[in-house]
1. What number of residues in the stretch 8-38 are farther than 20 Å from Glu62 by Cα and assigned to a loop (DSSP other than H, G, I, E, B)?
2. So which residues in the stretch 38-54 are open to solvent by less than 100 Å² (accessible area, probe 1.4 Å) and not hydroxyl-bearing (Ser, Thr, Tyr)?
3. Which condition does Tyr100 not pass, out of (1) at pLDDT 95 or above; (2) open to solvent by 70 Å² or more (accessible area, probe 1.4 Å); (3) of a type in the set (Ser, Thr, Tyr), if it passes all the others?
4. So in the stretch 55-97, with the set limited to residues that are closer than 28 Å to Ala9 by Cβ and surrounded by 10 or more Cβ atoms within 10 Å (Cβ to Cβ), which one is nearest to the chain's Cα centre (by Cα)?
5. Taking only pairs six or more apart or across chains, which ones have beta-carbon atoms under 8 Å, a first residue in the stretch 52-78 that is closer than 23 Å to Asp88 by Cα and among the small types (Gly, Ala, Ser), and a second residue that is modelled with pLDDT under 95 and open to solvent by 90 Å² or more (accessible area, probe 1.4 Å)?
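The values are calculated or read from the model by the stated rules, or taken from the named source; none is laboratory data. Just so you know, these numbers come straight off a predicted model, no measurement behind them. Methodologically, a virtual Cβ is constructed for each residue, glycine included, from the backbone with ideal geometry; neighbour enumeration extends over all protein chains shown. Note: areas computed on protein heavy atoms with side chains; ligands, DNA, RNA excluded. Shrake-Rupley method; radii C 1.70, N 1.55, O 1.52, S 1.80 Å.
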Amino acid sequence: MDKTKWNHAYTFARRDNGSGIRLCLKMRKPSDSSREEWLNTLLTAKADDIYSVSYPDIKLPEKARIFRTLNCDICGEGAPEHKMRLQDGQTVCLDCFRSYSRGWR
C-alpha cells in the first residue's frame, strides 16, 4: 500500500450554527519508531505540526428520524416501519417478504 496517499482526516460540525472544522493528520509514524516513541511525539508536538486545519462549508443532512417499530405478521420480529412491506394484506419484514419480479425493473 502506498502510504503517501493514505491519510487520516476528521471533520466535526455543529448543527446549531453549521460551522465545522476539518483536521488532517500531517505526521506519519516513522517505520523505525516504537509505539511509545510515536505516542510521546504525538503528545508533545504542537497541534500545528500534527494536523492541518481547515474550515469547510458543511451542509449537514437532516436529523435522523425515529420510525415506529412494527411487528412482522409472519415472524413476529420488530423492524422500523420504513423497512416493512405489505404483502397479501399483512405487514412483513424484509426477510419474510417474497419479492415479485417478472424481469422488469
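1. 10
2. Correct list: Trp38, Leu39, Asn40, Leu42, Ala45, Ala47, Asp49, Ile50, Val53.
3. (1)
4. For the stretch 55-97, the residue satisfying everything is Leu60.
5. Cβ pairs passing all conditions: none.
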